[in-house]
1. Toward the positive end of the charge dipole of segment 292-422, about the Cα centre and with charges on Cβ (Lys, Arg +1; Asp, Glu -1), which of 323, 393, 382 goes farthest?
2. Using only the Cα atoms, what convex hull volume per residue in Å³ does the chain have?
3. Report the gain in length on full extension from residue 420 to residue 268: 0.36 nm times residue separation, minus Cα-Cα distance, nm rounded to one decimal.
4. Counting only residues 5 or more places away or on other chains, whose amide H sits under 5 Å from the amide H of residue 135 once H atoms are built in the peptide plane?
5. Across the chain, how many lysine pairs, 8 or more positions apart or on different chains, have C-alpha atoms separated by under 30 Å? Please give the number.
6. Report the accessible area of residue 274, computed with a 1.4 Å probe over the heavy atoms of all protein chains in place, in Å² rounded to the nearest 10.
7. Counting other Cβ atoms within 10 Å, which trypsin sites (Lys or Arg not before Pro) in segment 39-69 have at most 15 and lie in a DSSP loop?
8. Would you be so kind as to identify which of 173, 451, 162 lies farthest towards the positive end of the dipole of the chain, taking Lys and Arg as +1 and Asp and Glu as -1 on Cβ and the Cα centre as origin?
Amino acid sequence: MLEALEAYHRSGEQPYTPPGHKQGLGADPRAVAVLGPGVFRSDVLATSGLDDRSASGRVLERAQDLMADAVGADHTFFSTCGSSLSVKASMLAVAGPGEKLLVGRDAHKAVVAGLILSGVRPVWVDPRWDAERHLAHPPSVESFDEAFREHPDAKGALVTSPTPYGSCADLSALAALCHRHGRPLLVDEAWGAHLPFHDDLPTWAMDAGADVCVTAVHKMGSGLEQSSVFHLSGDLVDPTVLKSREDLLGTTSPSVLIYAALDAWRRHMVEQGKELLQNALELSGVVRSSIGAIDGMHVDGRPEYVGPGLATDLDPLPVVIDVSALGISGYRGADWLRRHHRVNLHLADHRRISAQLTYADDHDSAAALLTALRDLADNAPSLRPSTAVHVPPPTELRLEQAALPRDAYFGPTEQIPLRDAVGRVAAEMVTPYPPGIPVVVPGERLNGAVLAYLASGKEAGMVVPDTADPKLETIRVTAER
C-alpha cells in the first residue's frame with residue numbers, strides 16, 4: 001500500500017473524483033496547519049486512485065495476502081471501520097437470524113450490536129469470576145462444553161481473549177472443543193495484535209487453532225484508529241461468505257490512510273517485531289516492579305490472574321493497578337492523573353486503573369508514568385472518601401435473557417425511572433466505558449442488584465455513554481402491554 005501511494009504521488013495523477021479537497025488543495029488552511037499537508041495529500045481513493053477502477057493492480061489484495069503470510073492465516077481482510085465491524089462480519093458469517101451462537105458474556109458491546117442487527121440468538125457462557133477482586137476472566141472450556149451439550153444446534157462459539165485487563169482464555173482447548181462439534185471458534189482478539197510476533201506473549205488465536213480471529217491493530221499495534229484485520233483459517237467458515245458479510249457492513253469509501261498504516265505495521269512487525277516487543281516486555285517488568293514499590297498500589301500479575309478458576313495466561317503489557325488500598329476509586333484516580341499530570345489511562349473501574357504499554361513506550365514515558373503515580377499516592381488523602389460502588393455477586397450480576405436482543409431493541413419501548421425498573425426488560429445496552437462490556441443487554445430482565453451497581457457506579461464516576469439518558473436517572477425498557 002505504501003509503495004502504491006508513493007507511485008501515485010510520483011505519477012502526477014489528476015483526480016476528478018472524491019475526496020473533494022483534491023489532495024488538500026481545497027482544504028481549510030487551518031485544518032492543514034493542525035493535521036499537516038501529508039494527511040490530505042495521501043487521502044486518495046483506493047480504486048480509481050491508488051489502483052485503477054477494476055483494481056487490476058491487486059494492491060489491497062496483495063497487502064492482505066502479505067498480512068496473512070505474516071501471521072500464518074489462510075485469508076486476511078482489512079477493515080477501516082474498526083474491529084466493531086470485523087466482529088459483526090465474523091458473527092454473521094457463522095450464524096443467521098434465529099440461529100444460536102455461544103457467546104462469552106464478557107463480550108464487547110460490538111458483539112451485542114451484532115446480535116441486535118442479525119437477530120442471532122445468544123447462548124451466554126458465563127465468565128470465570130474472581131469474587132475477591134470483582135473481576136471477570138474469559139469463560140472456561142468446561143463452560144463452553146456444557147453450553148454445546150445443552151445447545152447442540154449452536155452454530156459456533158465466540159470468546160474474547162485477551163480481555164482489556166490482559167487475561168486470556170485457553171484457546172487451544174477451546175478450538176479443539178469446537179472442532180469436535182464441527183463448529184468454528186471465533187476469537188475477539190482486539191487487544192492482541194502484537195501476540196503473533198513474540199514467543200513470550202500468550203498464544204495468539206490462529207496458532208491456537210481458531211477459525212476466525214479479529215484484531216484491532218490500533219490498540220496494541222501502530223495502526224491508525226479504526227484499523228482492524230480479521231483472519232481466517234480452516235474450512236469451517238467460507239471465505240467468500242465472510243468477505244460478503246464484511247462488504248455488507250463496511251464502507252464503500254475505505255481510507256487509504258488506514259490501509260497504508262496497516263500495511264506498514266505488518267512490515268515493521270515482520271522485520272523488527274521480536275526486538276521491539278522484547279524491549280516492551282523488559283520495560284513492562286521494570287514498570288511493574290516500580291509501581292509495586294509505591295505504598296498503596298498493587299500491580300495485578302500472574303499470581304492474581306492465572307490459575308484454577310481464573311485465566312489461562314496473561315499479557316503483561318496492560319499494567320493493571322489496584323488502588324483500593326489508597327482508599328480511592330479508579331475513577332477518581334484516573335481523573336486526578338489527567339488533571340494534574342496530563343496522563344491519560346487506558347481504563348478505570350471501581351478499584352483499578354490500567355496503563356497500556358506498547359513497543360512505542362520507552363524509559364522517558366515510563367518515568368513520566370511513575371512520577372505521576374507516586375504523586376497520586378502522596379495526594380490520595382485529599383481524594384477520600386470515594387463513593388462506594390455496590391458490585392453484586394455473579395449470581396445477581398448475571399441477568400435473565402427474557403427476549404432476543406433484536407426484539408427488545410427494535411420493539412415498543414418506554415423510558416422509566418431507574419428506581420422503578422426492577423423486573424422490567426431492558427431495551428438498550430448499558431455499558432461502562434472503557435472497557436465497553438455491557439452490564440445490561442437488550443432483552444435482559446433487570447434486577448435490584450444490577451440497578452444499585454449502576455446507580456452507585458455512576459455516582460462514583462462510572463461513564464456510561466450509550467444510554468438514552470446520559471445521567472442514568474432513567475432507563476429504556478420494553479413497553480408492557
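The values are calculated or read from the model by the stated rules, or taken from the named source; none is laboratory data. The structure presented is a predicted model; accordingly, all values stated were derived computationally and were not measured. Neighbour counts are summed over all protein chains in view; Cβ atoms, including those assigned to glycine, are modelled from backbone coordinates with ideal geometry. The accessibility values were calculated without ligands, DNA or RNA, using every heavy atom of the protein model including side chains. Shrake-Rupley method; radii C 1.70, N 1.55, O 1.52, S 1.80 Å.
1. With unit charges placed on the Cβ atoms, the residue in question is 382.
2. 161 Å³
3. Roughly 49.3 nm would be gained on extension.
4. 130
5. 23
6. Around 130 Å² of this residue is reachable by solvent.
7. Within segment 39-69, the qualifying trypsin sites (Lys or Arg not before Pro) (loop, at most 15 other Cβ atoms within 10 Å) are 53, 58.
8. Checking the options against the dipole of the chain, the answer is 451.
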